[in-house]
Amino acid sequence: MAHAALALEDGTVYFGESFGAAGTVSGEVCFNTSMTGYQEILTDPSYRGQILAMTAPQIGNYGVNPADVESGKLQMAGFVVREASRITSNFTATDTLGNYLAKAGVVGISGIDTRALVRRLRIRGAMTGVLSSEVLDAARLVEMARTAPGLVGRDLVREVMPERDHEWTESLDEWAKPLPQPTTGGVIPPAAVSAAGKHVVALDYGMKWNIARHLASTGCRVTVLPGRATATEVLAHRPDGVFLSNGPGDPEALGYCVSTVRDLVGKVPMFGICLGHQLLALACGAKTFKLKFGHRGANQPVMDLGTGKVEITSQNHGFAVDEASLPPELEVTHRNLNDGTIEGLRHKTANAASVQYHPEAAAGPHDSAYLFERFRRMIEA
């Protein structure tokens, strides 16, 4: 088995075994606490430019398949696990995780103490790192990590947005549809409603495919535009609603996206997720800040302040909206129960709202799927 090493900018070096592709990559080192869903995580464009460590002790046991993907390719720079499963056991599997990474050119490392790594990241904060199966000299790797670019100030959306407009037609399949839930507390069975004939324009900053599937499953016609689209280009499609997608990197580096959103607020109903939430806040005059180590996992508790309902949510973000900077027209609708950060916003006068977390799950719980129905109601109001 070939060797590999992961070096952090603070001088810490972890040695382990190489799996996936051979090579040398740099990126911000972060962690995800999900126990499953690694294929969806690997293909999530929001992980662009990052080296991700999974906290679950064994990854890869159910292999990979063509269905559990959130974009057209693997997006992250590198992948870190405690143990890469040597056995694949699932009726849907078409390949192993190791082969999947190798074919996509993603460098991986296994056999390191991921508990120690995650503890360091929680104490010191997310750090730039270098992962290599080619360079194993500790001092050289640390120097490379210290000179590698971080995420602050970087526009990674241009690397993941689609090249051209397109129509999205795929809906949720039977395996992915949320189960009907009680209507108390604002939760509505997604299958019970339809927005047939309504047209949603989705601004794609690195949109997960399951978001588009949810939008299509409400009955809306969905047109996807690259995130660089202007307000004039968006309005030329005569949308009934505009969706702002997730995406990678620093939201404050996306002035062209913020400008578009600012020009759309109040003109058309709008809903944003993750980066889209941050862009809506910036467009209204708020600021964002970098979290110490981010929220990444499928087990984050969030309270809907309007209903008092607590949702277990899927999250993936390293930046958040600064509550002290909120303008009077924005009110907080959802809050993270771990650290108190903002998880949802509503505009008091314009028909616009957003959440920081991922109601589409993929992977993760379906507690928040009602938000797509809430967006449908915004459109039809």
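Would you pick out the residues in the range 266-324 that are among the hydroxyl-bearing types (Ser, Thr, Tyr) and in contact with a Gly (Cβ under 8 Å, 6 or more places away or on another chain)?
307, 313, 314
Output the number of residues of the range 155-176 satisfying the condition of being surrounded by 17 or more Cβ atoms within 10 Å (Cβ to Cβ) and modelled with pLDDT under 95.
2
Looking at 24, 43 in this structure, which one is touching a Ser or Thr at 6+ places or on another chain (Cβ under 7 Å), under 28 Å from residue 357 (Cβ atoms) and polar (S, T, N, Q)? Step through it out loud before you land on a result.
On the way: 24 fails: under 28 Å from residue 357 (Cβ atoms).
Sole residue among the options that is touching a Ser or Thr at 6+ places or on another chain (Cβ under 7 Å), under 28 Å from residue 357 (Cβ atoms) and polar (S, T, N, Q): 43.
Where in the range 206-286 are the strands (runs of 3 or more DSSP E), entirely inside, with at least 3 residues that are more than 24 Å from residue 342 (Cα to Cα)? Can you show your working first?
On the way: elements: 221-226, 241-244, 270-273.
The strands (runs of 3 or more DSSP E) meeting that bar are 221-226.
State all residues of the range 97-113 that are part of a loop (DSSP other than H, G, I, E, B) and under 17 Å from residue 37 (Cβ atoms); if no residue qualifies, say none.
In the first step, residues of the range 97-113 are kept if they are part of a loop (DSSP other than H, G, I, E, B); the result is 105-106, 111-113.
Once the filter is applied, which keeps residues that are part of a loop (DSSP other than H, G, I, E, B) and under 17 Å from residue 37 (Cβ atoms), the range 97-113 yields only 106.
Being surrounded by 24 or more Cβ atoms within 10 Å (Cβ to Cβ) and of a type in the set (Ser, Thr, Tyr) narrows it down to one of 368, 325, so name that one.
Numbers: 325 fails: surrounded by 24 or more Cβ atoms within 10 Å (Cβ to Cβ).
Selected residue: 368, the only one of 368, 325 that is surrounded by 24 or more Cβ atoms within 10 Å (Cβ to Cβ) and of a type in the set (Ser, Thr, Tyr).
Suppose the filter is of a type outside the set (Lys, Arg) and touching a residue at least 60 places away in the same chain (Cβ under 8 Å); does residue 298 pass it? Spell out how you get there, then give the answer.
Working: of a type outside the set (Lys, Arg): yes; touching a residue at least 60 places away in the same chain (Cβ under 8 Å): yes.
Against the criterion (of a type outside the set (Lys, Arg) and touching a residue at least 60 places away in the same chain (Cβ under 8 Å)), residue 298 qualifies.
So, residue 122, is that one free of Cβ contacts under 8 Å to residues at least 12 places away in the same chain, of a type in the set (Lys, Arg), surrounded by fewer than 19 Cβ atoms within 10 Å (Cβ to Cβ) and assigned by TED's automatic domain parsing to the domain that holds residue 44 or not? Show your work before the answer.
Details: free of Cβ contacts under 8 Å to residues at least 12 places away in the same chain: no; of a type in the set (Lys, Arg): yes; surrounded by fewer than 19 Cβ atoms within 10 Å (Cβ to Cβ): yes; assigned by TED's automatic domain parsing to the domain that holds residue 44: yes.
So residue 122 fails the test.
Rundown of residues vs (1) touching a residue at least 12 places away in the same chain (Cβ under 8 Å); (2) buried (at least 23 other Cβ atoms within 10 Å of the Cβ); (3) touching a helix residue (DSSP H, G or I) at 6+ places or on another chain (Cβ under 7 Å), yes/no style:
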{"site": "21", "(1), (2), (3)": "yes, no, yes"}
{"site": "58", "(1), (2), (3)": "yes, no, no"}
{"site": "71", "(1), (2), (3)": "yes, no, yes"}
{"site": "78", "(1), (2), (3)": "yes, yes, no"}
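Being small (Gly, Ala, Ser), over 29 Å from residue 52 (Cβ atoms) and not in a loop (DSSP other than H, G, I, E, B), is that true of even one residue in the range 308-324?
yes
Does any residue of the range 350-365 turn out to be surrounded by fewer than 19 Cβ atoms within 10 Å (Cβ to Cβ) and at pLDDT 95 or above?
Residues of the range 350-365 surrounded by fewer than 19 Cβ atoms within 10 Å (Cβ to Cβ): 350-351, 365.
Now drop any that are not at pLDDT 95 or above, which leaves 350-351.
Within the range 350-365 (the criterion being surrounded by fewer than 19 Cβ atoms within 10 Å (Cβ to Cβ) and at pLDDT 95 or above), the answer is yes, since at least one residue qualifies.
Cβ contacts < 7 Å: first residue among the hydroxyl-bearing types (Ser, Thr, Tyr), restricted to the range 360-381; second residue at pLDDT 95 or above, any location; separation 6+ or different chain. Result?
If the second residue must be at pLDDT 95 or above, the pairs left are 368/311; 368/313; 368/357; 368/359.
Applying the selection to the range 129-175, what residues are polar (S, T, N, Q) and in a strand (DSSP E or B)?
From the range 129-175, those polar (S, T, N, Q) are 132-133, 147, 169, 171; that's our starting set.
Scanning the range 129-175 gives a single hit, 132.
The values are calculated or read from the model by the stated rules, or taken from the named source; none is laboratory data. Just so you know, these numbers come straight off a predicted model, no measurement behind them. Cβ coordinates were reconstructed from backbone atoms using ideal geometry, including for glycine residues, and neighbour counts include every protein chain displayed.
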